[in-house]
1. Checking B:M117 against (1) farther than 30 Å from A:G88 by Cα; (2) touching a Ser or Thr at 6+ places or on another chain (Cβ under 6 Å), which test does it fail?
2. Output the residue which, of all residues in the range A:82-96 that are of a type in the set (A, V, I, L, M) and crowded, with 16+ Cβ neighbours inside 10 Å, is farthest from A:D29 (Cα to Cα).
3. Of all residues in the range A:134-150, which are more than 14 Å from A:R121 (Cα to Cα), part of a helix (DSSP H, G or I) and either within 14 Å of chain B (Cβ to nearest Cβ) or aliphatic (A, V, I, L, M) (or both)?
4. Out of A:V259, A:V243, which single residue is touching a strand residue (DSSP E or B) at 6+ places or on another chain (Cβ under 9 Å), within 19 Å of A:L339 (Cβ to Cβ) and among the β-branched types (V, I, T)?
5. How many of the residues in the range B:174-213 are within 14 Å of another protein chain (Cβ to nearest Cβ) and either touching a Gly at 6+ places or on another chain (Cβ under 6 Å) or in a helix (DSSP H, G or I) (or both)?
6. With respect to A:A175, is the statement that it is part of a helix (DSSP H, G or I) and either open to solvent by 40 Å² or more (accessible area, probe 1.4 Å) or within 12 Å of chain B (Cβ to nearest Cβ) (or both) true?
7. Anything in the range A:192-218 that is surrounded by fewer than 17 Cβ atoms within 10 Å (Cβ to Cβ) and part of a helix (DSSP H, G or I)? List them, or say none.
8. Evaluate the range A:80-100: report whether one residue or more is more than 28 Å from the chain's Cα centre (by Cα) and more than 10 Å from chain B (Cβ to nearest Cβ).
Amino acid sequence: MSTAERVVFQHVTKRYPGTGKGNPGAVEDLSLEVPAGKVCVLVGPSGCGKTTSLKMVNRLIEPTSGRILIGDRDVMQGDVIALRRGIGYVIQQVGLFPHQTIRENVATVPRLLGWEEARRRDRADELLALVGLDPARYAERYPSALSGGERQRVGVARALAADPPVLLMDEPFGAVDPIVRERLQNELLRLQEQLAKTILFVTHDIDEAIKMGDLVAVLQTGGHLAQFGTPDEILANPASEFVARFVGADRGLKRLALVRVRDLELRPAPTARPGDDVAAARKRAAADPFPYLLLVDDANRPIGWIDDRRLQSLDSLTADVAESESPLFDRHTTLKDALSMLLEAGVQAGIVVNDAGAVQGLVTVEMILERTRAAAEDGP
Amino acid sequence: MIEVSWALDHLDDLAFRVAQHIELAAIPVMIGFAISLALAIWAVRRPVVRGPIVSASGVLYTIPSAALFAALLPVTGIEIQTAVIPLTLYTLLIYLRNMLAGLDGVAPEVIEAADAMGYGRWQRLLRVELPLALPLIVGGVRLASVSTIGLVTVSGILGDRFGGLGFFIFEGYRHNFGIEIAFGAVPTILLALAVDLVLQRLQGRLTPWAPRTVRAIDPGRADPGRAVAGGAA
């Protein structure tokens with residue numbers, strides 16, 4: 001597996017002949033660095049130059065001035081063909097070769113690089129499996145026999161075939177329906193955990209940008225870089241009126257989608273087991289301001305809640321006295337989902353459990369609101 | 001039955017004329033293919049030459065064939081070139097229209113993907129563009145073959161050394177002998193149909209990935225937007 005390499009834009013400008021500044025597709029003095037192994041999403045409205053910027057990396061478009069480096073190499077130095085064979089490329093319309101089988105399509109760059117037949121074949125089949133297409137079923141088919149989502153997977157497999165350190169993706173999931181898009185996004189994130197390529201990803205959809213990017217570059221019509229930072233920085237602290245409008249009025253909620261339960265310091269849960277001494281349980285409940293006691297089983301798995309007032313009138317603790325329900329979270333639950341579930345729950349605390357189902361602690365609405373407030377104070 | 005005995009007496013002649021017919025058709029179909037392919041690639045590479053190339057082949061196509069044979073006769077004499085040159089010129093428009101349509105029909109995203117993956121210009125042409133244009137290119141070969149097989153008969157105007165099966169047609173016309181006209185016309189039609197069928201099979205064999213419905217562009221037919229006047233025959 002090759003190592004990823006950084007991609008650096010240094011004062012890159014692209015102007016089209018006969019036009020001045022601010023024309024669709026033009027790029028004006030773009031400087032940014034994408035560290036090796038990170039996903040950088042270029043996002044912005046139509047004509048902001050995001051696709052132009054992407055295509056300058058593999059020289060499908062050549063810059064008017066400025067430099068683009070991959071690692072430490074200037075892309076304008078050296079052979080353009082060799083450069084392109086070392087960069088994966090995925091586009092919205094996929095662009096599979098209709099006259100070649102899926103296996104031949106995936107093995108395109110290895111074939112251009114002169115790999116021998118058996119190695120190409122193994123590599124293609126390995127990649128098909130990696131993107132979730134069974135080689136036995138798909139390898140011999142022609143692209144016309146595949147659905148849009150399947151073709152896009154083949155497109156991703158083809159881009160990865162020669163294990164390039166850099167991947168360029170131009171609205172790769174723009175042409176598939178929302179359900180398939182969601183799945184392909186998740187699969188790409190999962191793949192990226194294994195592969196850790198440097199990915200430049202173009203989209204016009206801010207939600208996709210926030211979801212996919214380690215870094216987000218917001219471009220503005222005229223090809224100006226309006227802001228470059230992590231998704232959270234951009235949502236918390238939009239650099240301009242334009243960025244604030246582009247990310248939308250619900251950016252507070254969008255930020256909650258970036259934070260997960262594992263990022264919070266959990267509140268310890270006041271617990272008791274069936275058969276515990278009631279007096280001791282009352283004392284524990286009284287010591288904790290939370291107005292409920294959580295009944296758990298021997299393996300520390302949640303059974304249900306007991307209201308503190310009800311506890312006063314009980315003679316013994318049994319499993320059937322537990323009543324109110326509340327949602328269960330795991331470490332990966334986003335705060336946006338957590339908040340949404342808590343607003344509908346009887347007891348406004350989510351129980352965080354581990355893989356075995358044992359209670360780890362609680363997440364309350366107050367904790368989520370507190371987190372948003374703290375984050376807002378980082379803001380402008 | 002004088003007709004039947006006449007026919008039986010002339011079977012040797014028939015075999016000779018069929019062979020001649022095939023030769024007179026095959027040479028222009030092959031030379032025309034090579035010239036057109038080179039011109040089509042040139043036109044795709046240099047868009048400025050495209051208009052003139054297509055116009056010129058269109059003008060050639062409008063010249064009546066009998067006139068062209070006659071006009072060449074003083075220049076090239078009673079030689080095979082005199083028959084082959086006009087027949088070749090008539091294939092150019094058929095080929096060019098189909099080759100260009102085939103190359104134009106390659107989806108832009110396929111070209112973009114090929115460039116982005118590091119195909120060189122010629123590699124892209126040979127491995128991507130021409131294979132994808134193949135259904136229309138072979139369609140052009142079918143049309144050019146059928147059209148040329150028909151036109152070979154007109155070369156009989158140059159005398160009895162040419163014409164292929166057209167020889168019988170001219171002779172039959174001269175002697176007002178119907179069976180002899182049929183002796184030339186019917187095998188000509190059968191030959192054209194047989195060649196078309198073989199090439200149709202070949203087309204399917206060469207392009208297993210393509211839909212079965214690709215139709216070649218016939219410049220002689222009504223073709224909205226790009227009408228071509230006249231006809232070669």
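The values are calculated or read from the model by the stated rules, or taken from the named source; none is laboratory data. Not measured: the values here are computed from a predicted model. Methodologically, a virtual Cβ is constructed for each residue, glycine included, from the backbone with ideal geometry; neighbour enumeration extends over all protein chains shown. Each accessible area value is taken on the protein alone, full model and side chains, heavy atoms only, with ligands, DNA and RNA left out. Shrake-Rupley method; radii C 1.70, N 1.55, O 1.52, S 1.80 Å.
1. Evaluating B:M117 over (1) farther than 30 Å from A:G88 by Cα; (2) touching a Ser or Thr at 6+ places or on another chain (Cβ under 6 Å) leaves (1) as the failure.
2. So the first thing to find is which residues in the range A:82-96 are of a type in the set (A, V, I, L, M), and the list is A:82-83, A:87, A:90-91, A:94, A:96.
If we keep only those that are crowded, with 16+ Cβ neighbours inside 10 Å too, we end up with A:83, A:87, A:90-91, A:94, A:96.
Working: A:L83: 23, A:I87: 23, A:V90: 25, A:I91: 25, A:V94: 30, A:L96: 34 Å.
Across the range A:82-96, the extreme among qualifying residues is A:L96.
3. A:P143, A:S144, A:A145, A:G148 - these are the residues of the range A:134-150 that are more than 14 Å from A:R121 (Cα to Cα), part of a helix (DSSP H, G or I) and either within 14 Å of chain B (Cβ to nearest Cβ) or aliphatic (A, V, I, L, M) (or both).
4. Working: A:V243 fails: within 19 Å of A:L339 (Cβ to Cβ).
Selected residue: A:V259, the only one of A:V259, A:V243 that is touching a strand residue (DSSP E or B) at 6+ places or on another chain (Cβ under 9 Å), within 19 Å of A:L339 (Cβ to Cβ) and among the β-branched types (V, I, T).
5. Just the residues of the range B:174-213 that are within 14 Å of another protein chain (Cβ to nearest Cβ), to begin with: B:203-213.
Within this subset, residues satisfying the condition of being either touching a Gly at 6+ places or on another chain (Cβ under 6 Å) or in a helix (DSSP H, G or I) (or both) are B:203-206.
Summing the residues that are within 14 Å of another protein chain (Cβ to nearest Cβ) and either touching a Gly at 6+ places or on another chain (Cβ under 6 Å) or in a helix (DSSP H, G or I) (or both) in the range B:174-213 gives 4.
6. Numbers: part of a helix (DSSP H, G or I): no; either open to solvent by 40 Å² or more (accessible area, probe 1.4 Å) or within 12 Å of chain B (Cβ to nearest Cβ) (or both): yes.
Taking the combined requirement at face value, the residue does not satisfy it.
7. Residues satisfying the conditions are A:E193, A:Q194, A:D207.
8. So in the range A:80-100, the residues more than 28 Å from the chain's Cα centre (by Cα) come out as A:80-82, A:97-100.
With the extra rule that they be more than 10 Å from chain B (Cβ to nearest Cβ), the set shrinks to none.
There is no residue in the range A:80-100 that is more than 28 Å from the chain's Cα centre (by Cα) and more than 10 Å from chain B (Cβ to nearest Cβ).
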